[in-house]
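What follows is a set of notes on a single structure, which appears directly below.
Values in this text are rule-based calculations from the coordinates and carry no lab data. The structure presented is a predicted model; accordingly, all values stated were derived computationally and were not measured. FYI the Cβ positions are ideal-geometry reconstructions off the backbone, even for glycines, and counts take in every protein chain you see.
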Amino acid sequence: MASLETLAIVAYRQPITAPEIAELRGVTSASSSGRFSTGSSSRRPDVKPVVGTPFLYKTTKEFLVHFGLADLSELPKPEELEAL
């Protein structure tokens, strides 16, 4: 569940750093975000130009294919998710 939650945060908030993910989740996400950096669902395309230069995470084309999306605009809107 933690990995799916982290992937959802990356999908909706990309590009995003691991500390930003942890802040949104309220827990440390190092193991989940680290797993995505080597997988095919998300990638670290760049670093944020701040002290420490943290990696920025974003989804990949494989993410879109896996979830049957043409692009990120097809992700459900937050209010649609609340209705579920």
Calculated FRET efficiency for the pair residue 77/residue 51, C-beta based, R₀ 41 Å, to 0.05: 0.75
Amide H within-cut-off set for residue 47, under 5 Å, with H built and near neighbours excluded: 56
